[in-house]
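S.K.: Right, I'll just put the structure down here and ask away after.
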Amino acid sequence: MLRSTCFLAAAAIVGSLLFFTWPNNDDPSSIHPHRLLSVVEFIDPKSTTPRETPHKLRFARAPTQIDSNAMESYMQNRANCQVVYIMGVEGASHHGFFPVLEALAKHQVDPVTQLEFDVDIDPRPLKSAMFGWHSQFKRGWGFSGKQSPPIDHPDLVRGMIESSCPLDGKKHVMLEWQSFPSGQEDDPRSYRVHRQHKWLSMTPEEIAADNEALSHPTDMAAFVEAYSPYAEIRFVVLSRPFLETIASHPEWDESPLVHSNVIRGFLLILRNFLNVHNVDRMDGRRSWAMVCTERLMAKFYKQEEDVTAARANIISYLATFLGWPVGECPHCFDNWHDSKKDPLKVLGKVGPEALDTLFEHKWTLEEAWPPRGEEGVEEQQCRL
């Protein structure tokens, strides 16, 4: 509390534009609990008129406290239950990277039991708990009706863990990868919160402070809080160069400029989440690692051996980060294909002024995205 007070006083003295908004439990429209967000004055980002000095988008920083008293009692329960979430915005190469991580996971053998990892690449009980999908699981866990229970409902937590991680001596690994945002406004899947039309007319920081955006495609902070005592939760964070990300789906959200606003809003949400959840509160280990998609692509390197070495380093690092015993995977990239799309050619179709604005959008993220990976690991440092 003293640190927060000093920080705010200092901010007032220097005339900073950064404000931290804390949840107000008496106000249902207040910011979502477990989030610490920044709100900064924002000039209309949808304008295609070039601006000389667009400001940098801000993000929150907060320390993570580890509950040492609860740590020991849950470690045994969670040792054989792991959720690995491939986290990233739309267009960050989820489809390309998922088979890589799947191949690495299926290459693992427990050195103690000599049993292969039980890898679930379509973890329906997890999807039911996280996103509200697959009502048959919710009915089996004692819930009725179309509405999904809160993500942290104790019966939902118990049902997911018991269904996903039976006590059979095997290491159970669930791979999930829903992007931020996900789906469409009229998506038939039963998200608790669907993609919202209002985001199309909001600034990135308005999106980052929106309660519905904070719960789409799931309330990730509440998920970690409720499930981490029973499962080790790790995040593999995909970061793709910004213009390539926007060029991946330029027709979404009505136009590349509007799509850029929506993506930047969710990048702020992800950055805030990662800052607050940098460390696993149960075991004290780092909870997320970066994967820079440009470092997976052959076009990033001059020689083939450099590509092979970089990919091997990335695989080895991920295995160590995830606590997996096998750090070599000769066939992990058998199904990988470099993107051949030229982002400047794709985005240039909207006109030179709009393209200039997209470059400005990129520049405003300079202090917020991508997060810095582990110090000293070259492959963990991504380009904007």
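S.K.: Under the classification rounded if a/c is under 1.5, otherwise prolate if a/b is larger than b/c and oblate if not, where does the stretch 232-384 fall, given a ≥ b ≥ c as square roots of the Cα gyration tensor eigenvalues?
M.R.: Oblate, since a/c reaches 1.5 and b/c is not below a/b.
S.K.: Given a cut-off of under 8 Å on Cα pairs at least six residues apart, what relative contact order in percent is computed for the stretch 258-384?
M.R.: After rounding, I find 32 percent.
S.K.: Rounded to a whole number, what % of the accessible area of the stretch 165-261 do carbon and sulfur atoms account for, probe 1.4 Å?
M.R.: 52 percent
S.K.: Roughly to the nearest percent, how much of the accessible area of the stretch 292-384 is carbon and sulfur, given a 1.4 Å probe?
M.R.: The nonpolar share, carbon plus sulfur, comes to 51 percent.
S.K.: Going down the table (LYS106/LYS299; LYS340/LYS362; LYS127/LYS198; LYS106/LYS302; LYS127/LYS171), which pairs top 23 Å between alpha carbons?
M.R.: LYS106/LYS299; LYS127/LYS198; LYS106/LYS302
S.K.: Rounded to the nearest whole Å², what accessible area per residue is found for the stretch 164-257 with the 1.4 Å probe?
M.R.: Heavy-atom SASA per residue in the stretch 164-257 reads 32 Å².
S.K.: So what's the gap between the Cα centers of the stretch 115-159 and the stretch 290-362, to the nearest angstrom?
M.R.: 33 Å
S.K.: Amide H of ILE233 versus every other amide H placed in the peptide plane: which residues, excluding those fewer than 5 positions away on the same chain, fall under 5 Å?
M.R.: Correct list: VAL83.
S.K.: Using only the Cα atoms of the stretch 142-216, each taken as one equal point scatterer with no solvent, compute I(q) by the Debye sum, divide by I(0), and report log10 of the ratio at q = 0.15, 0.25 Å⁻¹.
M.R.: Normalising to I(0) and taking log10 leaves -0.73, -1.22.
S.K.: For VAL279, list long-range residues whose amide hydrogen, built 1.01 Å from N in the peptide plane, is under 5 Å from its own amide hydrogen.
M.R.: Under 5 Å from the amide H of VAL279 lie the amide H atoms of SER287, each far enough along the sequence or on another chain.
S.K.: Ranked highest first by the average count of other Cβ atoms within 10 Å around their residues, in what order do 228-240, 87-99, 110-122, 358-370 fall?
M.R.: Final packing ranking: 228-240, 87-99, 358-370, 110-122.
The values are calculated or read from the model by the stated rules, or taken from the named source; none is laboratory data. Please read all numbers here as calculations on a predicted model, not as lab measurements. When we count neighbours, we look across all protein chains shown, and the Cβ atoms used for this are built from the backbone with ideal geometry, even at glycine. Side chains are part of the model used for accessible areas, which takes the heavy atoms of the whole protein and leaves out ligands, DNA and RNA. Shrake-Rupley method; radii C 1.70, N 1.55, O 1.52, S 1.80 Å.
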